[in-house]
């Protein structure tokens, strides 16, 4: 997923801007270094804020973590996956476009940090019920967007009747696993392979993909 640029380090009388700098700094740290490996004093330094400002906006590290998940991680999934799938002509077009965009971005960067949502899900889902609920809510919106697009394709007679919810779960799970493998190997090869296989599976259920 695309990374958000960090805000410039500048002191300001804008409380909302200061709060957003904190969330940006925490997002970058939590999704790359990890929640537990990110110290609050490092986040203060990265955001360019005082301890008092941090405590005012986020009394606890958990509160900051929830803001990162509910705002930044949710935004990343929305912009990277949900919106492109919704605006695509078909579900398979949207899925292909997402994989192509992510692969291109990772090749340009020359490094794979992993999926921000998946990184935090693996670390925090068993840590706390609030974290688990926030993370699962994003996965649910992600799966629902893909399932809705598949159902639209079904209504338009572009695909055969099949379990759209199950297919959406397969897409999300396959992508998440492929990104984990890409992170481990520092190679986009797993993403390329899995993207091609997902496309093949869905296209096999279309009129063009079936033998006549």
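The values are calculated or read from the model by the stated rules, or taken from the named source; none is laboratory data. Please read all numbers here as calculations on a predicted model, not as lab measurements. Backbone-built Cβ (ideal geometry, glycine too); neighbour counts: all protein chains shown.
Annotations for the structure displayed:
- Residue match in the stretch 45-53 (condition: in the same structural domain as residue 156 (by TED's automatic domain parsing), free of Cβ contacts under 8 Å to residues at least 24 places away in the same chain, assigned to a helix (DSSP H, G or I) and over 15 Å from the mean Cα position of the chain (by Cα)): no
- Residue among 143, 155, 205, 151 that alone is touching a strand residue (DSSP E or B) at 6+ places or on another chain (Cβ under 8 Å) and either surrounded by 14 or more Cβ atoms within 10 Å (Cβ to Cβ) or farther than 22 Å from residue 72 by Cβ (or both): 205
- Selection within the stretch 86-124 - within 17 Å of residue 139 (Cβ to Cβ), surrounded by fewer than 16 Cβ atoms within 10 Å (Cβ to Cβ) and touching a helix residue (DSSP H, G or I) at 6+ places or on another chain (Cβ under 7 Å): 86
- Residue match in the stretch 162-182 (condition: more than 18 Å from residue 106 (Cβ to Cβ), in contact (Cβ under 8 Å) with a residue 40 or more places away in the chain, surrounded by fewer than 18 Cβ atoms within 10 Å (Cβ to Cβ) and assigned by TED's automatic domain parsing to the domain that holds residue 82): yes
- Within the stretch 67-81, the set of residues being surrounded by 18 or more Cβ atoms within 10 Å (Cβ to Cβ) and in contact with a helix residue (DSSP H, G or I) (Cβ under 6 Å, 6 or more places away or on another chain) comprises 67, 68, 69, 72, 73, 74, 76, 77, 81.
- Candidates 65, 94, 51 - the one that is at pLDDT below 95 and out of contact with any strand residue (DSSP E or B) (no Cβ under 9 Å at 6 or more places or on another chain): 51
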